[in-house]
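Presented below is the structure to which this report refers.
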Amino acid sequence: MATTKSAKLELWVYKGTFGNKNPSKPDYTITKTKLPDVIDSNNNIKPSKILFEIGELIKDYIDVSFDGDYATVDQTVWVEWTITKTLSDSTEEITTGSGLGLNGYGYFGDLINPQLSYGALQSNTIMYVKTGDQPFIPMFAGGNGIFKVDYYNGTTLLNTLTVGNSVTFITADTTDYRADTTDLTADVTMIRNASSKGTVGVASYTGNPSRVVLTDINNVATNIIVNYIDECKYTPYRVSFLNKFGVVQPIYFFKRRNDYIDVKNEAYYRNTVDDSKTALLYSPNDSTKRLFDINGNKRIKMNTGYVDEQYNEVIQQLLMTDRAWIRDDDGVEYPILPVTKSMQYKTSVNDKLIDFTIDFEYAYNEINLVR
């Protein structure tokens with residue numbers, strides 16, 4: 001029986017229409033030779049495997065772009081691969097695969113290759129939304145995921161949306177792809193022959209639904225409770241961030257906001273003596289100390305207001321995100337980054353009322369350095 005000697009992985013990562021790749025020019029080509037099998041002290045043979053770890057390679061191609069429109073956020077890439085195995089009898093075996101790549105992650109306790117959710121792509125089932133705004137719920141639409149969304153106001157059905165009629169499922173993973181001597185094993189996500197922007201859906205409705213029911217293909221329903229907050233004293237701010245599922249999720253900060261600016265500069269001393277005249281003079285109006293390389297970074301501190309215990313997980317994901325935006329007073333989505341480095345997990349038993357205060361900094365210099 002022929003055994004594997006080596007394997008070559010050809011990997012394509014791209015955006016746009018699925019299948020629109022250059023077959024002769026993969027983005028990565030990796031070749032590995034199989035190591036000898038391992039024989040333990042009991043003479044048991046442990047076959048060696050060829051492993052291709054490509055999660056970090058794929059992440060390099062995912063550059064999330066968000067302008068405030070959750071329906072058109074650019075947050076995914078297409079991934080296609082070909083594995084060519086060379087056997088001991090010089091014959092070759094070729095396998096191919098494809099998937100949807102997102103910049104998500106799993107926790108240590110989730111073990112290897114955690115599976116992308118087939119339902120709502122957020123951890124909380126209770127939301128707080130500013131009165132007058134629409135709720136936006138990222139979801140995995142179609143196929144083995146969500147096929148129906150029901151919007152309720154109390155017990156009254158406002159609208160029903162059926163999604164995912166043209167979705168085909170393949171094997172893939174949110175962050176990580178692995179291959180051994182026989183195949184490429186990963187978790188399930190989706191592809192369809194359309195722009196990759198449209199493969200992760202968002203549930204939203206203008207009728208102020210108090211409950212959104214996401215039903216998957218197995219008739220498993222997820223209830224999302226929407227609480228509308230009419231804040232009378234402070235100005236609420238919406239922050240959008242890349243969560244653990246690799247999609248942009250909104251969270252509102254309803255209470256006090258403080259703004260700061262940190263200024264950085266360098267200084268030098270100069271000679272102000274005017275030697276062009278008969279006597280050596282200098283002007284008391286001319287500074288001997290000058291500044292250069294001046295710039296500033298704005299910071300903000302915001303409070304969520306009282307929230308459910310579920311927000312321990314939401315805030316944890318917010319603190320660990322690498323992309324976030326705030327819808328500021330002028331309606332523009334400005335990039336920000338959380339600078340708070342720790343949080344206390346709160347419970348209603350210990351803390352009674354739960355809220356979180358987070359520090360952010362704007363992810364750009366106040367003086368424009370873009371040329």
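Under 6 Å by Cβ, and 6 or more places apart or on different chains, what pairs join a residue from the range 33-54 that is over 30 Å from S98 (Cβ atoms) and open to solvent by less than 90 Å² (accessible area, probe 1.4 Å) with one that is modelled with pLDDT under 85 and not hydroxyl-bearing (S, T, Y)?
As it stands, the answer is D37/I45; D37/P47; V38/K46, since those pairs meet every condition given.
So, in the range 198-235, exactly how many residues are closer than 30 Å to L337 by Cβ, surrounded by fewer than 18 Cβ atoms within 10 Å (Cβ to Cβ) and in contact with a Ser or Thr (Cβ under 6 Å, 6 or more places away or on another chain)?
Of the residues in that region, 2 qualify.
So that you can scan it fast, the table gives a plain yes or no per residue for (1) modelled with pLDDT of 95 or more; (2) over 30 Å from K352 (Cβ atoms); (3) not polar (S, T, N, Q):
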position	(1), (2), (3)
F253	yes, no, yes
K264	no, yes, yes
V273	no, yes, yes
S276	no, yes, no
N295	no, yes, no
N303	yes, no, no
V307	yes, no, yes
Q317	yes, no, no
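Please state which one of I294, I300 is over 21 Å from T321 (Cβ atoms), surrounded by 11 or more Cβ atoms within 10 Å (Cβ to Cβ), touching a residue at least 40 places away in the same chain (Cβ under 8 Å) and aliphatic (A, V, I, L, M).
I294
So which residues in the range 89-133 are of a type in the set (A, V, I, L, M, F, W, C), over 25 Å from L11 (Cα atoms) and buried (at least 17 other Cβ atoms within 10 Å of the Cβ), if there are any at all?
Of everything in the range 89-133, those that are of a type in the set (A, V, I, L, M, F, W, C), over 25 Å from L11 (Cα atoms) and buried (at least 17 other Cβ atoms within 10 Å of the Cβ) turn out to be A120, L121, M127, V129.
Can you give me the number of residues within the range 313-334 that are surrounded by 14 or more Cβ atoms within 10 Å (Cβ to Cβ) and touching a strand residue (DSSP E or B) at 6+ places or on another chain (Cβ under 8 Å)?
Here the count works out to 14.
Hey, among the residues in the range 265-291 that are in contact (Cβ under 8 Å) with a residue 24 or more places away in the chain and open to solvent by 60 Å² or more (accessible area, probe 1.4 Å), which one's farthest from the chain's Cα centre (by Cα)?
My answer is Y268.
From (1) in contact with a helix residue (DSSP H, G or I) (Cβ under 7 Å, 6 or more places away or on another chain); (2) open to solvent by 30 Å² or more (accessible area, probe 1.4 Å), pick out the condition that doesn't hold for P338.
Every condition holds for P338 apart from (2).
Does the range 347-365 include one or more residues that are loosely packed, with under 12 Cβ neighbours inside 10 Å, small (G, A, S) and more than 26 Å from V247 (Cβ to Cβ)?
Initial filter on the range 347-365 (loosely packed, with under 12 Cβ neighbours inside 10 Å): 347-350, 352-353.
Right, trim to small (G, A, S) and you get 348.
Filter again for more than 26 Å from V247 (Cβ to Cβ), leaving 348.
Yes: one or more hits.
Looking only at the range 46-62, filter to residues that are at pLDDT below 90 and assigned to a loop (DSSP other than H, G, I, E, B); which one of those is nearest to the chain's Cα centre (by Cα)?
Here the answer is I54.
Output yes when any residue across the range 130-140 is modelled with pLDDT of 85 or more and of a type in the set (A, V, I, L, M), and no when none is.
Looking for residues that are modelled with pLDDT of 85 or more and of a type in the set (A, V, I, L, M), one finds at least one in the range 130-140, hence yes.
Among the residues of the range 117-150, which ones are of a type in the set (G, A, S) and either farther than 24 Å from L102 by Cα or touching a helix residue (DSSP H, G or I) at 6+ places or on another chain (Cβ under 6 Å) (or both)?
Selection gives S123, G132.
Suppose the filter is out of contact with any strand residue (DSSP E or B) (no Cβ under 6 Å at 6 or more places or on another chain), part of a loop (DSSP other than H, G, I, E, B) and farther than 30 Å from L102 by Cα; does N218 pass it?
Against the criterion (out of contact with any strand residue (DSSP E or B) (no Cβ under 6 Å at 6 or more places or on another chain), part of a loop (DSSP other than H, G, I, E, B) and farther than 30 Å from L102 by Cα), N218 does not qualify.
Identify, please: which residue in the range 1-32 is more than 28 Å from the chain's Cα centre (by Cα) and of a type in the set (G, A, S) and is, among those, surrounded by the most Cβ atoms within 10 Å (Cβ to Cβ)?
A7
Give me the residue from the range 236-257 that is farther than 17 Å from V202 by Cα and touching a Gly at 6+ places or on another chain (Cβ under 9 Å) and, out of that set, surrounded by the most Cβ atoms within 10 Å (Cβ to Cβ).
Per the criteria, the residue is F253.
Pairs please, first residue from the range 343-366 and closer than 20 Å to M127 by Cβ, second anywhere and loosely packed, with under 14 Cβ neighbours inside 10 Å and of a type in the set (D, E, K, R), Cβ atoms under 9 Å, 6+ apart in sequence or on different chains.
Hits for this filter: T357/R256.
The values are calculated or read from the model by the stated rules, or taken from the named source; none is laboratory data. Keep in mind that what you see is a predicted model, and the values were worked out from it rather than measured. Glycine gets a Cβ as well: all are built from the backbone with ideal geometry, and neighbour counts include every protein chain shown. With ligands, DNA and RNA removed, areas are computed over all heavy atoms of the protein, side chains included. Shrake-Rupley method; radii C 1.70, N 1.55, O 1.52, S 1.80 Å.
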